[in-house]
Structure formats: C-alpha cells, structure tokens
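These notes concern the structure reproduced below.
The values are calculated or read from the model by the stated rules, or taken from the named source; none is laboratory data. Just so it is clear, the structure is predicted and the values come from calculations on it, not from any experiment. Cβ: placed from backbone, ideal geometry, glycine included. Neighbour counts: every protein chain shown.
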Amino acid sequence: MIEIRNLNKRFANKSVLNDVNFTIEQGKTNLVIGQSGSGKSVFLKAVVGLHPVDSGEILYDGRDLTKLKRKELQDLRKEIGMVFQGGALFNSSTVEENVRFPLDMFTKLSKVEKQKRVDFCLEHVNIEKSNHLFPSEISGGMQKRVAIARAIALNPKYLFCDEPNSGLDPKTSIVIDQLIQNLTKEFNITTLVITHDMNSVMEIGENIMFVFQGQNWWVGDRNQIFNTENEELNGFVFASELFQSVRKAKN
Amino acid sequence: MKMLYHIGRFGSLMKKVLARPENHKTLIIQTFKEMDKLALGSIVIIMIIMFFMGAVVTIQTALNLSNPFVSNVIVGFATRDSIILEFSSTVTSVILAGIIGSNIASEIGNMRISEQIDAMDIMGVNSANYVILPKIIALFLMMPFIVIIAMTVGIIGGLASTFTIDQLTLQDYLSGLQLDFSAYRVYYSLIKSSIFALIITMVSSYHGFYVSGGALEVGKAGTRAVIYSIILILMANLFITQLMLT
C-alpha cells in the first residue's frame with residue numbers, strides 16, 4: 001500500500017499539485033484520471049521520486065520516499081516496476097535483452113535461470129517468437145507489453161503505468177488493461193495507472209482518483225462514477241455522447 | 001552565475017558517474033561495446049585525414065624551406081615533430097570531438113527524451129554510471145592506440161608525398177625522421193590525448209544527459225557538445241604544453 005499525504009509540488013510560480021491525499025491499495029488497480037495538464041503525470045513522477053516534491057509524505061508501506069537517503073531510495077526502486085507512456089524500451093537492445101536488463105543488474109541468477117524468468121515474463125504478456133527483435137521492429141502494442149514484461153521481471157511490489165493505452169487502438173487497449181489487472185491480482189501488486197481513457201476506467205478502475213487543477217477532486221470506484229454529482233468529474237467523464245447514453249441506460 | 005551552475009551540475013553528474021558500479025560484469029561488457037562503437041568506428045576516417053595531412057605538411061614544409069642554406073633533412077624532422085606533437089593528438093582529438101562528441105550527446109539525449117534514462121532510474125540503476133562510465137573508460141583506453149595509428153599514418157602520408165615533389169628525396173625525409181628523436185615527445189602526445197579523451201566523453205555526456213524537450217534540443221545538445229569539447233581541448237592543450245614542454 002502507498003499512502004500519499006498532503007502532497008504539494010510547484011514549478012516556478014505555478015502550483016501543479018495542491019495538497020493531494022490518496023491511498024494506493026494493494027491488489028487493486030488504482031487509477032488516476034483527469035484532463036490533460038491536470039497534473040496526473042507530475043503526480044506519478046512525484047510518487048516514484050523522479051520529481052522532488054515541495055512538501056508532503058509518500059509512504060511505501062510506511063517508508064517515506066521523500067525522506068529516504070540515496071541508497072535507500074535505490075533499494076526501494078528495485079521493488080518498483082514502471083511502464084512509461086512511450087514504452088521507454090532500450091532501442092539498441094532486443095526484446096529479450098530489455099526484459100533481462102533488471103535481472104542482469106540486480107540478480108545473481110545463472111544464465112539458464114535468467115532465461116527462464118525472461119520467458120515466464122514474456123509468456124505472461126503473450127509475446128512469443130519475438131525475443132530477438134528490436135523495439136523498432138515490433139508494434140506499439142507489443143512494445144507496451146514488452147515494457148510490462150520488463151516491469152515485472154524483478155517481481156515488483158509496486159507497479160506504475162503512465163498512460164499505457166496512449167497511441168493504441170481500442171482492442172489493443174483492452175488487452176493491455178486486462179493484462180495490468182490480471183498481473184495485479186495474480187501477484188498481489190500495488191498498481192497505479194495514470195489514464196484519461198474512459199474505457200480503461202470502466203474496464204479496470206477499482207480505486208479511482210480524479211485530479212482537477214492539481215487537487216484530488218473525487219475518489220471512488222467505477223460504479224460510483226455513474227452516480228456522482230461532482231460537476232467537474234461529470235464534465236470529464238460524460239464529455240462524449242457515448243458515455244452520456246451509457247449513463248442514461250444505466251439509470 | 002550560469003557558469004557556476006553548470007560547473008556544479010557537471011561535478012554532481014561526475015560524482016554519480018564515478019560511483020561504484022552496480023554490476024562490474026555489465027560495465028566490462030558495455031566498455032568493450034563502446035570501444036568498438038566509439039574508437040574503432042572512427043579509426044578509418046582518422047587514418048584518411050592523417051594520411052593526407054602528413055602529405056600536405058611535408059609538401060608545404062619542403063616548398064617553404066627550399067633554400068640552399070637549409071638542409072632538406074629538416075623537412076622530415078619538421079613533419080615528424082608536427083605530427084607527433086600536434087596533429088596526431090590535438091587535431092585528432094578535435095576531429096574525434098566532432099565525430100564522437102555529437103554521437104555521444106545525441107545518443108544520451110535521445111535516451112533522455114524517450115524516458116530510457118528515467119526507466120533506469122526507476123529500476124534503481126545509477127543511469128549516469130551505466131550509460132556514461134563505459135564511454136569514458138572506452139575512449140580513455142583507446143585514445144593512445146588511435147594516436148599511435150594517427151602518428152604512423154601521418155608519417156607514411158609524408159613519406160608518400162616525397163614521390164610527388166622534386167624538392168625532397170625519400171632519403172632526406174627518412175634521415176629527417178630520425179634526426180634528434182626524443183621519445184618524451186611521444187609520451188607527451190599520448191598523455192595529452194588521454195586527457196582530451198576524458199574531455200570529449202565527459203563534456204558530451206553532460207550535454208546529452210540534461211537534454212529536455214525534443215529532437216531539436218537533442219540536435220542543439222550535439223552541437224554544444226562539439227563546441228565546448230573543442231574549446232576545452234584547445235585550452236587544455238595550452239596548459240599541458242606549458243606544463244610538459246617548457
């Protein structure tokens with residue numbers, strides 16, 4: 001579980017995160033939604049320690065990330081898997097080498113054991129026969145799946161996904177969403193997904209935070225979204241006619 | 001103030017770069033890959049440039065010293081010392097700053113903007129150490145070999161040019177090469193080229209590592225890396241020459 005308490009972040013004179021509180025629960029797919037520019041990605045980067053925060057606490061099972069020393073932070077990061085918006089795969093390495101990278105860096109497994117682990121991770125994300133291809137030789141959806149395989153290679157306790165569906169077609173998006181949810185359940189991971197894709201919200205949103213103007217405007221689950229009277233959330237969720245008709249049908 | 005900011009940030013980056021690597025085996029593998037990519041990849045162009053440079057220096061010296069009171073042996077002597085003292089080390093380093101410097105800054109800059117460096121940081125990998133240290137070690141180790149090859153090819157270029165002009169014979173050139181030879185000058189050249197290797201890799205890595213934005217900024221970082229590397233090489237050249245030759 002990750003608890004975020006009174007998180008504040010400013011860039012120059014602009015407040016990007018304003019007193020944000022949120023609990024990221026273990027074994028659930030936790031979602032952060034909001035419009036572009038609302039502070040979602042800054043929130044994620046602050047939570048993983050890529051952006052230093054101005055004030056507040058980020059408690060990873062009681063360990064405050066903002067107060068950890070460099071070595072402690074590096075150790076904590078070995079428990080974190082992250083899927084970046086663009087995949088962030090290493091261009092000069094093959095699919096297999098990308099997944100093996102964390103194993104090479106942090107484990108003393110034998111070659112055979114590493115290969116078994118790589119195969120296990122790639123099987124879990126349904127990638128076969130592409131081990132020796134380079135990222136530029138595979139599709140965007142496959143790149144995202146390889147990124148997920150790399151993120152789970154070290155058996156992480158925490159998994160972060162920054163807009164994992166961006167640039168993907170609806171069918172592939174659903175595959176990625178289900179993959180993230182299955183991994184979360186199977187390995188009992190604490191997962192946080194940043195998205196503005198309402199299909200993802202409806203598909204996997206178990207604990208959702210809506211960020212508006214850098215604040216946590218609303219917290220609930222996917223079922224509560226349809227009944228909320230929060231004006232800003234309604235404006236975001238039901239911006240499309242499709243979701244308006246879904247709400248009508250539900251009501 | 002801005003200069004102090006950059007010096008401070010450069011120092012902080014180098015502290016991370018020179019930290020103990022997480023995995024020594026990976027460092028060795030990466031260093032060999034970089035040796036191949038950085039040094040062996042540029043050796044052919046260095047050889048071509050040095051061959052013609054040696055030939056041109058010989059011809060120009062021979063034409064300028066075509067005087068009955070000056071022995072033709074001086075041409076070989078002057079060519080040898082020009083090549084050993086300056087062309088093989090300083091000029092080669094300036095060329096390498098152009099080839100390798102922009103390559104390093106663009107490669108690391110691209111890794112930065114495509115979040116590959118962030119991905120390493122998130123995994124708990126010291127990204128600066130993993131990405132930059134192998135490049136520094138690789139060029140530092142390979143530079144003396146590159147310079148020795150450059151010296152040899154430059155002198156061969158001069159030798160080849162003796163067949164194209166009437167003012168100088170092969171025998172005079174060869175006698176000049178052996179005149180008053182001092183091994184110290186070769187050591188001086190090798191030492192300074194190793195320092196230039198550090199300048200090229202460190203400065204270029206610094207410019208690539210802190211890129212923010214997109215492809216345009218990566219291109220600008222490559223240009224900045226080359227400019228600053230060359231300026232620092234020339235400044236260091238003056239300093240080392242004062243220190244070792246005067």
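Tell me which residues, restricted to segment A:131-167, are of a type in the set (Asp, Glu) and touching a strand residue (DSSP E or B) at 6+ places or on another chain (Cβ under 7 Å). Before you say what the answer is, go through the steps one by one.
Initial filter on segment A:131-167 (of a type in the set (Asp, Glu)): A:137, A:162-163.
If the condition is that a residue be of a type in the set (Asp, Glu) and touching a strand residue (DSSP E or B) at 6+ places or on another chain (Cβ under 7 Å), then A:Asp162, A:Glu163 are the ones that fit.
Take the residues of segment B:1-52 that are charged (D, E, K, R) and not in a helix (DSSP H, G or I): which is farthest from B:Tyr228 (Cα to Cα)?
Once the filter is applied, the top-ranked residue is B:Glu22.
All but one of (1) of a type in the set (S, T, N, Q); (2) under 28 Å from A:Gly62 (Cβ atoms); (3) without any contact (Cβ under 8 Å) to a residue 40 or more places away in the chain hold for A:Thr191; state the number of the condition that does not hold.
(3)
State whether one or more residues within segment A:138-159 are more than 13 Å from chain B (Cβ to nearest Cβ) and more than 19 Å from the chain's Cα centre (by Cα).
Yes.
Taking the criterion of being over 25 Å from B:Phe51 (Cα atoms) and of a type in the set (Ser, Thr, Tyr), would at least one residue in segment B:185-195 satisfy it? Full working, then the answer.
Quick first cut of segment B:185-195, residues over 25 Å from B:Phe51 (Cα atoms) only: none.
No, that holds for no residue.
Hey, which of the helices (runs of 4 or more DSSP H) in segment A:28-133, taking only ones fully inside, have at least 3 residues that are touching a Gly at 6+ places or on another chain (Cβ under 7 Å)? Don't jump to the end; show me each part of the working.
On the way: elements: A:40-47, A:70-77, A:95-106, A:111-124.
In segment A:28-133, the matching helices (runs of 4 or more DSSP H) lie at A:70-77.
Considering each residue of segment A:98-116, count those that are away from chain B (no Cβ under 11 Å) and without any contact (Cβ under 8 Å) to a residue 40 or more places away in the chain, and give that number.
Result for segment A:98-116: 8.
In segment B:87-102, is there at least one residue being more than 20 Å from B:Val226 (Cα to Cα) and in contact with a Ser or Thr (Cβ under 9 Å, 6 or more places away or on another chain)?
Filtering segment B:87-102 for residues more than 20 Å from B:Val226 (Cα to Cα) gives none.
No.
If A:Asp169 satisfies all but one of (1) away from chain B (no Cβ under 14 Å); (2) at pLDDT below 80, what's the number of the condition it fails?
Going through the list (1) away from chain B (no Cβ under 14 Å); (2) at pLDDT below 80, A:Asp169 breaks only (2).
Which one of the conditions (1) of a type outside the set (Asp, Glu); (2) over 25 Å from A:Ile2 (Cβ atoms); (3) surrounded by fewer than 18 Cβ atoms within 10 Å (Cβ to Cβ) does A:Asn155 fail to meet, given that it meets all the rest?
Here A:Asn155 meets the rest and fails (2).
If a residue must be touching a residue at least 40 places away in the same chain (Cβ under 8 Å) and either part of a loop (DSSP other than H, G, I, E, B) or under 27 Å from B:Phe181 (Cα atoms) (or both), how many such residues does segment B:92-123 contain?
Here the count works out to 4.
Could you identify the single residue in B:Phe51, B:Phe77 that is surrounded by 18 or more Cβ atoms within 10 Å (Cβ to Cβ), modelled with pLDDT of 95 or more, touching a helix residue (DSSP H, G or I) at 6+ places or on another chain (Cβ under 6 Å) and within 29 Å of B:Met244 (Cα to Cα)? Talk me through it step by step, then tell me what you get.
Numbers: B:Phe77 fails: modelled with pLDDT of 95 or more.
None of the others qualify; the one that does is B:Phe51.
Considering segment A:18-36 alone, what residues qualify as being over 18 Å from the mean Cα position of the chain (by Cα) and either among the β-branched types (Val, Ile, Thr) or surrounded by 22 or more Cβ atoms within 10 Å (Cβ to Cβ) (or both)?
Restricting attention to segment A:18-36, the residues satisfying the condition of being over 18 Å from the mean Cα position of the chain (by Cα) are A:18-19.
The answer is none; no residue qualifies.
Give me the pairs: first residue in segment B:16-43 and within 14 Å of another protein chain (Cβ to nearest Cβ), second residue surrounded by 14 or more Cβ atoms within 10 Å (Cβ to Cβ) and outside any helix (DSSP H, G or I), beta-carbon distance under 7 Å, and six or more apart or on different chains, which are they?
Partner pairs satisfying both residue conditions: B:Lys16/B:Asn126; B:Ala19/B:Asn126; B:Glu22/B:Val125; B:Glu22/B:Asn126; B:Leu27/B:Pro21.
Out of A:Arg145, A:Arg100, I need the residue that is out of contact with any Ser or Thr (no Cβ under 8 Å at 6 or more places or on another chain), more than 23 Å from B:Ile108 (Cα to Cα) and buried (at least 20 other Cβ atoms within 10 Å of the Cβ). Which one?
Details: A:Arg100 fails: more than 23 Å from B:Ile108 (Cα to Cα).
A:Arg145 is the lone residue from the list that is out of contact with any Ser or Thr (no Cβ under 8 Å at 6 or more places or on another chain), more than 23 Å from B:Ile108 (Cα to Cα) and buried (at least 20 other Cβ atoms within 10 Å of the Cβ).
Check whether at least one residue in segment A:208-218 is touching a residue at least 12 places away in the same chain (Cβ under 8 Å), aliphatic (A, V, I, L, M) and in a helix (DSSP H, G or I), and report yes or no. Full working, then the answer.
Of segment A:208-218, the ones touching a residue at least 12 places away in the same chain (Cβ under 8 Å) are A:208-218.
Narrowing the set further to residues that are aliphatic (A, V, I, L, M) leaves A:208-209, A:211.
Next cut, in a helix (DSSP H, G or I) only: none.
No; the residues of segment A:208-218 include none that is touching a residue at least 12 places away in the same chain (Cβ under 8 Å), aliphatic (A, V, I, L, M) and in a helix (DSSP H, G or I).
Restricting the search to segment A:47-91, which residues are more than 8 Å from every other protein chain (Cβ to nearest Cβ), in contact (Cβ under 8 Å) with a residue 12 or more places away in the chain and more than 24 Å from A:Phe22 (Cβ to Cβ)?
A:Gly87
Can you tell me which residue within segment B:4-31, out of those that are under 24 Å from the mean Cα position of the chain (by Cα) and among the aliphatic types (A, V, I, L, M), is surrounded by the fewest Cβ atoms within 10 Å (Cβ to Cβ)?
For segment B:4-31, the residue satisfying everything is B:Ile7.
Checking the structure you have, find out if any residue of segment A:173-186 is outside any helix (DSSP H, G or I), under 30 Å from A:Lys9 (Cβ atoms), in contact with a helix residue (DSSP H, G or I) (Cβ under 7 Å, 6 or more places away or on another chain) and of a type outside the set (D, E, K, R). Break it down stepwise before answering.
Here is the first cut: in segment A:173-186, the ones outside any helix (DSSP H, G or I) are none.
No, that holds for no residue.
Are any residues in segment B:32-42 surrounded by 15 or more Cβ atoms within 10 Å (Cβ to Cβ) and not small (Gly, Ala, Ser), and if so, which ones? Step through it out loud before you land on a result.
So the first thing to find is which residues in segment B:32-42 are surrounded by 15 or more Cβ atoms within 10 Å (Cβ to Cβ), and the list is B:34-35, B:37-39, B:42.
Within segment B:32-42, B:Glu34, B:Met35, B:Lys37, B:Leu38 meet the criteria.
Anything in segment B:124-144 that is under 15 Å from B:Asp36 (Cβ atoms) and within 14 Å of chain A (Cβ to nearest Cβ)? List them, or say none.
Matches in segment B:124-144: B:Pro134, B:Lys135.
Are any residues in segment B:67-111 out of contact with any His (no Cβ under 9 Å at 6 or more places or on another chain) and within 14 Å of another protein chain (Cβ to nearest Cβ), and if so, which ones? Show your work before the answer.
First, the residues of segment B:67-111 that are out of contact with any His (no Cβ under 9 Å at 6 or more places or on another chain): B:67-100, B:102-103, B:106-107, B:110-111.
Result: B:Asn103, B:Ser106, B:Glu107, B:Asn110, B:Met111.
Condition (residue is surrounded by fewer than 18 Cβ atoms within 10 Å (Cβ to Cβ) and within 30 Å of A:Phe101 (Cβ to Cβ)) applied to segment B:95-104: is it met by at least one residue?
yes
Given the conditions (1) part of a helix (DSSP H, G or I); (2) at pLDDT 85 or above; (3) within 16 Å of A:Ile33 (Cβ to Cβ), which single one is not true for A:Val201?
So the condition that A:Val201 fails would be (2).
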